[in-house]
Structures are given as structure tokens and as C-alpha cells.
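Every number here is computed from the coordinates shown, using simple stated rules; none is lab data. No experiment lies behind these values; they were computed from the predicted model shown. Cβ atoms come from the backbone with ideal geometry, glycine included; neighbour counts cover every protein chain shown.
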Amino acid sequence: MIRSAPSSIVFRAGQVRRIASAAGKDYGRLPHSNSPIVSKLKFFNAVSGDGNTIPTYRVLDGVGKPLEGAELPEIDRALARKVYEHMQLLPTLDTVLYNVQRQGKISFYMTSHGEEATIIGSAAALELDDEVLGGHGYPLPPVFALTSFNRAIPRNRGSSLAYGLDNVMAQCFGNEEDTASKGKQMPVHLSSPKYHFHTISSPLATQIPQAAGVAYALRRIPSRRSRSIAACYFGEGAASEGDFHAGLLMASTIPSPALFIARNNGFAISTPSSEQFYGDGIASRGPGYGIHTIRVDGNDVLAVMSAVKEARKRCLEEGRAVLIEAMTYRVGHHSTSDDSFAYRARAEVEDWKKIDNPITRFRLFLESQGWWDAQAEEELKDRLKADVMKAFKRAESLPKPELKELFTDVYGGEEPWNLKEQRAELQGLLRKYGNEWEPWKAEIGRFRNKARDLID
Amino acid sequence: MLTANIKRSARTARKAISHIVRCNSSAVEPPPAGGHLPSVSNSQLLRSTRDAALRSPGIRWTDEDDSGPANIVGGRETRKMNTYQAVRDAMSIALMKDDTAVVFGEDVAFGGVFRCTMGLAEEFGRERVFNTPLTEQGIAGFGIGMALMGHTAIAEIQFSDYIFPAFDQIVNEAAKVRYRSGGSYNVGGLTIRTPTMSVGHGGLYHSQSPEAFFMGAAGLKVVIPRSPIQAKGLLLGAIRDPNPVIFLEPKILYRSAVEQVPIDDFSLPLGSAETLVPGNDCTLLTWGTPVYHCETALHLLASPPPSLEKHIPTSLRSASVELIDLRSILPWDVQTVEESVKRTGRLVIVHEAGMTAGAGAEISAEIQKRCFLKLNAPVSRVTGWDLPVGLQFEKFIIPDALRIVDALVKTLSY
């Protein structure tokens, strides 16, 4: 190894600098870097200088007691109860829709059991006009939380939580009220410009670089600059896609107020996170892109709220991206297409449900504050179940959209000739065979107006 | 001319159809919604006996050299398998016989979301059968790297709808390595398996048929099997082919298509179509899942149910339609198709992908050039519409037997 000669001189930016030889002294600079020059051969493989694992921020312990020195987010009885009610709504909705899928009434569903604190805590800390980009795997909850959370809620709908349920159900059933995709997407692929919730794609991680672009556009809109951020949700599995790396790189290099919320729930379908990455989770990657990063206990709703609130503030103040890694555990199966007991022990899941249930943890906190009791719990569960069942029955009873929607929204502006001709061809086939070909006849009856819109 | 053809071939047609009718009259399962029609589960195209399986056309036993007589079937055994079991069987043989072979992809270690790799990790160890992170470009690039070292890389992309992040690696790298290195490097050891086509409720991102996207990538091969025997033989052929192969497995057939599959090591030829039903009046060309819709359409044509009778002219019911499974999309077997169309004078192409720039576009252009003076009708394409596959509308987007029989009637009576 060649040591620098003690008397060597470098010329940089018009300066003449003398390079000292003793350890810890200034050896000068490289042309395009602030990297200090050292004489020791030393590799590193950690974000922290001392090689420790990145810590996890937590406010409430497992039984809902604030940790010593932890600062609670601003929260009063009303807000706390609202957060809790939303956390309870998720499993209520999940249980019904999971069973509905099992009965063959919808084609697919994904639950979020065990991740209620991350979903509701983050949604509660966002503003209604923040742009939200969700992904396949975690599509439903953010929009639901947002649509029902930060809005003045019409009281005549029976209960505050019922707002948004009909929309969610309509999309899952793909019925005529499905404004999110007009029957085109699989269940739990929502979208709502009204609530700034961008359309969900099944391909993983595609929303991550898009969030950078969305955030950059926000900077360029005078009324929204310094006011709105782009909040981008994805799982630790999606963070393996090239789009994750591309997205964080774009958001940091072209400064954009994007908040990346990675939900590390331990599994991507069957693949445990130990096979998804070898480094220190997702959080370790943020500093690699020069992005402010925090790892938070995703089962602690107050920690999530605090972290997202602070992250949001930083996004706006600096006009730059922030990364949050929320540590949680996927209690449910990946989706209705998955039986997770094929790759993990039932006991492991049951144990985790008991050891660390985010809903229980927060309920214990509420009870300790005198904001909740057994009676309130019972009333809430009955009410949520009734609301969900009502929305489900309504959605189930509605027909599919008009059949002509099959050809809509391919292009804006003038429709190309091939689509015009193909629609006419299908129209001709339906007129000719619609009443006679059993598979079509049965299907036509399920659409609004019995497909007359296309046939006539 | 048509009438003459029909008379000549009436016997063949009746023979082919009679199998289907017999099969259905004794079917145990309840009739499908469309009435007593063949479907995948009772298809006559599936080889359900040992003898039929062992006599699959083009089968080549790997333990035989070329010198011996073909079709030695004595002593060979078969086992009832569905398509995912046959795919698994092929990979098991590849892993057993080739120590450089590895199998990898998302969720592969626990058996894969379609169960194609079930038990392989336990049998061959996690060094050879392993999970990858969720990165299709990573999976493809990794496989290319292993193949560059002369190893056998069998990669899985979980759905062909998700192959596009790997498009650059596949089209710019795998396909072009041999050419750009003047033949000094190649990735012939790479096979990328991926489930394809619709299942009826997959929506935009679980229903696509991307075969035509790879059709212009010279240097690649693209293969789509229709059944368990085909899957095993073509997959082993693909793994051992000196070129990178995209192997698209129709996902609805994983469980529904069942055959007696020879348990020995065998391959079926790439680049070669198979004529499933011989005929003289019209050529019906397809691949993958629609093979079975075509079979149903032949049945509808020959003996339409009462509700459709008025739409199927009596004169056409004895038409003899030649059904061809293309099997390889790139390179595709132009000789077999050309020979057939020159005989029949008519061609109907069926695929699930959209019409515009679908594989049918390439085929019809080439066939009309070669068979121009022999054609009695324009080449017809029955395809998905030029649309994403909207979930609630799938029954009206993906071509079914009715649309095929309608095209046959129009083409035969042109």
C-alpha cells in the first residue's frame, strides 16, 4: 500500500492545501466528493457508524403503557376513539370480505390483519389532499382510512364509519356503483381522484417512481407547494423491485416531497423477509439515497402517527423525500389465493396474534386513559358488523356496470377504428347469439340493463 | 370446391367428432353451462391411456440414440399427472441429470404459487432450488449470468403479466448475447417459465398473453404447451435447447388438464406444430388454452345444440376442419401451416391476446403471401379485443367456442 507523501500538495478550486501525515489529520479531498481521506483499510456494512442494527421507534409498550421518555403525539379522547374505531373496522371488513370471496361472490381479496396500526396510524397523520399512491398488497386500507377519516362525515348515513364502505364494497363487487374502476379491476384495486387516491396497479412497486413524479408536480403547483405531499405505500417485497430503487433515486435526486411508507410485515406471499434482503431491512437503503429515514414499530399506532406526522413536516419543509419502515407482522394469508400454513406454522401466527396485537395494545392505552371500556367495545363491534353487512348486502344486490363499459376508457379523445370495429363486431355477435348461447345469456343478465346498452 | 372437400372428408370429421360425443354421453361431471359440450376435463385431445401417451407424435426418448427404431414403447410406464405435476416432473429430471441445473424464482422454494416446484427444494436442496427477491429483472439477469457460465438456469416469473420489468434483460441481453459476441458467448442454458393466459377472473394483470411481445426478438424461442405430456416434453426440449426459451404455461390448464404422462425422460420438438384433428375444408390454428375452445367449436359446428341450430347451416355441419396446435410461437412452424392451408384453402387463427400485432398478425401475413392463390377466404383472426382484460367483462373479451364457430361458419361459407 502506498502512503501519501507528507509533503504532497493538491490543487483544488484555486486552493493550495498542504496534506498532513498524522492519523485523523486532513489528507485533502477528492474532486467530486466530500469523502474524507483515511489511511486505514476498513470496510463497512452498516448505516450506523458502530455497526448496530437500525433502532425502532416506539411510543407504547406491549400493554399500552407509554415508554419512558416517549413523547405522545397530540391526541385527545375524540381523536383516540376515532383512530381505534377505524382500527377495529379493518378486521371487521376483512373478515366479511374474506368469507364473501370464499363463497365465490368476489374473485379475490386481501386482508390486513395485524397491520391495523400502520394503516390507520399513517392515514390519520396525512392530510386529506395529500396524494396517496398505494400498491397491490396494501391497496384498500389507505383509501378507506382516508376517505372516512379526515372528512366531515354525513350523519345521515347511520354511522360515521359507514361512509366509504359502500365505495369499497362496490369496487370489490365490480358493480354499477364501482366508480373506482367501472368493473375493470380486481377487488381491492381502488382509485379516487376526489380523495387523491391514485389508481392501484397489480404489478409491484410501479407506484414508487410515480410517487416521485407526483411529488415533483406538487412542488410546481403554487397552491399545493409546501402544503401537500405524495404518500407512497408498498411492502418490503415490492422494495426488491427495480422500481423501488429507481423511485427513491429519482425522488432524492430531483428533490420531491414524497413520503415512502414501507410496510415490513415479514412476508411477500411465502417468502420471508430474511430471503427478501440481506441488509438491515428497508430503512438501511434510505441514507444510500440521501433520504431522511426512520424505522418505526408498525404495531404501535401512536408511534406510526408521530413518525408520519414528523416525516410529512420534513417533506414539506425541505421539499425532499422521507422513508419510513414500519415493522409489523402479516397475521393473515397473503391473499385469498394463498394458504400461508403451507410455509409457516399456525402456532407462529397464533402466538404473534397474542403477543403483539396492535388493536389490543391501543385499547389498553385507551382504557388506561379512561377513554374506553367493555361496553364501548361491545357497542362498536356490533355497530361495525352491522355497517359492513349492510354495505355488503347492498353491493351484492347491485348489477354489474353497463356492458358497454368494456370498451370505454381505453383512449381519451377520438376512439381508434379498431376499437370501433371490434365493438360493432361484439354487438353483432350479441344480437345474433345473446339469447341463444347459454354462457353469454346467463352472463348478460348480470349487467345493468341486461346489456341492452350495447346490444340495442 | 368446398362441397367436394366436405364430401371427401365427411368420414374423417364424423370420426373425430364421434369421440367427443361418446365421451360426453358418459361424462360423470355435470354438464357445463353451455350444455353437453367438451371441455378441458373431458377433452378427447388429452391422452388418457398409457398407449396413447407413449405414442405421442414426435416424442423422443432421451435414453435412445437416433440409430434405433422410433417409438419403442415396450416396458415404459406412464403416470396420471395434471400440468403442474408434469412441469414439476420435467424439472425434477433436469435437476437429476444435470448437476449444473438450478430452479429459482419468487416463492419457488415452498412449491410455487401454482405448485410447479412442489417438493423440489426438499429433494434437491436449497442451493439448487431457491427463492429470489421480488425482482423480475434480477431473476432474468441472474439466469443469464448462470447460462453465460454454461449452467442450466430454469427461472420462474410468477405471472407472465409481470415479465415486463425483465423485458430489457430478455430482449436486449438473452436474445442478443450470441449475435453480439460473434457466437463466442450464448445463454442457451436459460429457460424462463411463466404462467400465461386467462382464467376467467384475473382482470388486467392476471390474464395477459404476452407471446407476441417476444416474437420479434430474434435469438429467443417462445413455446406454449397445451397439456401435461406437451408440458413435460416441450419443457425438457426447451431446457436442453441451445437457445434461451420463454416457456409460457397456460395457467388454467395447470389443474384442469390431466393425462397419462410417460415417466421416462423425453422431449418434444421445438419449432414444430402438431396437427390434432386432420381435416380438409378449413385450418383452425391456435395454441394453449384456446385449443380446447376450438375442440368445443368443432363440436358445435358438427352438432349444434338446438338453440344454435339456425346459425349453423346444415351444409357446413359435415365440414372437416383441421385443428393445429402451433406449440412454438418463435420460431413457428410455417411448413405445417402452409401445407395445411394450401390443402384447405381457409385459415382461422385463434389466440387470447389482442388482435393488433398479436401473433396471428404475423402468421396471417406470411400465410397469405405463401398461399395467396389457394385461399378461398380471407385469413380470419379470433382474438381478444384490443383492450386490457377488464375483470367483470372477461367472458366477452376472451374468445370462446361460440366466437370460434361463428368465424368457422363465416370462413367456410365465404
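For the residues B:Phe396, B:Phe247, B:Phe114, a GNM of chain B with alpha-carbon springs under 10 Å puts the largest fluctuation on B:Phe396.
Placing unit charges on each Cβ (+1 for Lys and Arg, -1 for Asp and Glu) gives chain B a dipole about its Cα centre, and among B:Leu148, B:Leu402, B:Leu270 the Cα reaching farthest toward its positive end belongs to B:Leu402. With neighbour counts taken as other beta-carbon atoms within 10 Å, the residues A:His198, B:His311 rank, fewest first, as B:His311, A:His198. Length gained on full extension, B:Ser307 to B:His151, computed as 0.36 nm times the residue gap minus the Cα-Cα distance: 50.5 nm. Neighbours of A:Tyr98 by Cβ distance under 12 Å: Lys/Arg scored +1, Asp/Glu scored -1, total 0. The lysines within cross-link reach of A:Lys385, meaning a Cα-to-Cα straight distance under 27 Å and a gap of 8 or more places when in the same chain, are A:Lys82, A:Lys105, A:Lys182, A:Lys194, A:Lys353, A:Lys354, A:Lys393, A:Lys400. Candidates A:Leu380, A:Ser35, A:Phe108 compared by Cα position along the dipole of chain A: farthest toward the positive end lies A:Ser35, with charges placed on Cβ.
Note on the protein assembly as shown: dipole from Cβ charges, positive end direction compared against B:Phe167, A:Phe234, A:Leu398; the farthest Cα belongs to B:Phe167.
Using only side-chain charges placed at the Cβ, +1 for Lys and Arg and -1 for Asp and Glu, the dipole size of the protein assembly as shown relative to its Cα centre rounds to 1440 debye. With the simple spin-label model, which puts each label point 7 Å out from Cα in the Cβ direction, the A:Gln369 to A:Ala442 separation comes to 5.3 nm. What you get for chain B, charging only the Cβ of Lys and Arg (+1) and of Asp and Glu (-1), is a dipole of about 1500 debye around the Cα centre. Would you mind checking the tilt of helix B:228-240 against the longest principal axis of the Cα atoms of chain B, expressed as 0 to 90 degrees and rounded to 10? Its long axis makes an angle of about 40 degrees. Over chain B, DSSP H runs of length four or greater, each weighted -39,500 (n - 2.57), average out per residue to a 222 nm ellipticity of -9500 deg cm²/dmol.
Taking the helices alone, chain A has a mean residue ellipticity at 222 nm of -12500 deg cm²/dmol, built from -39,500 (n - 2.57) per DSSP H run of at least 4 residues and averaged over all its residues. With no solvent and one point per C-alpha, what does the Debye sum give as log10 I(q)/I(0) for the range B:97-173 at q = 0.15, 0.20, 0.23 Å⁻¹? Computed log10 I(q)/I(0) values: -0.48, -0.84, -1.06.
Nearest-5 percent of antiparallel DSSP beta bridges in the protein assembly as shown?
On the way: 20 of 78 bridges.
That works out to approximately 25 percent antiparallel.
Counting neighbouring Cβ atoms within 10 Å and putting the fewest first, the residues A:Tyr329, A:Tyr278, A:Tyr289 line up as A:Tyr278, A:Tyr289, A:Tyr329.
Partner lysines whose Cα lies under 19 Å from the Cα of B:Lys369, excluding those fewer than 8 positions away in the same chain, are identified as B:Lys342. Counted as membrane-span-like here are DSSP H helices of chain A whose alpha-carbon atoms extend 18 Å or more along the helix's own axis and whose Kyte-Doolittle mean is 0.0 or above; these are A:207-220, A:301-318. Taking other C-beta atoms within 10 Å as the exposure proxy, B:Ser315, A:Ser240, B:Ser43, B:Ser209 rank B:Ser315, B:Ser43, A:Ser240, B:Ser209 from fewest upward. Extending 7 Å from the Cα toward the beta-carbon at both B:Ala357 and B:Ser184 defines two label points whose distance is 3.5 nm.
Cα centroids of the range A:399-420 and the range A:65-115: 37 Å apart.
Suppose we keep just the DSSP beta bridges with both residues in chain A; what percent of those would be antiparallel, to 5? Percent antiparallel among DSSP bridges in chain A is about 25. At a Cα cut-off below 15 Å, give the aspartates and glutamates reachable from A:Lys381, other chains included and same-chain residues fewer than 8 away excluded. Qualifying aspartates and glutamates at Cα under 15 Å: A:Glu85, A:Asp94, A:Asp373. For B:Cys282, neighbours were defined as the other residues whose beta-carbon sits under 12 Å from its Cβ, and their charges (Lys and Arg +1, Asp and Glu -1) total +1.
Placing +1 on the Cβ of every Lys and Arg and -1 on the Cβ of every Asp and Glu, with nothing else charged, gives the range B:288-340 a dipole about its Cα centre of roughly 280 debye.
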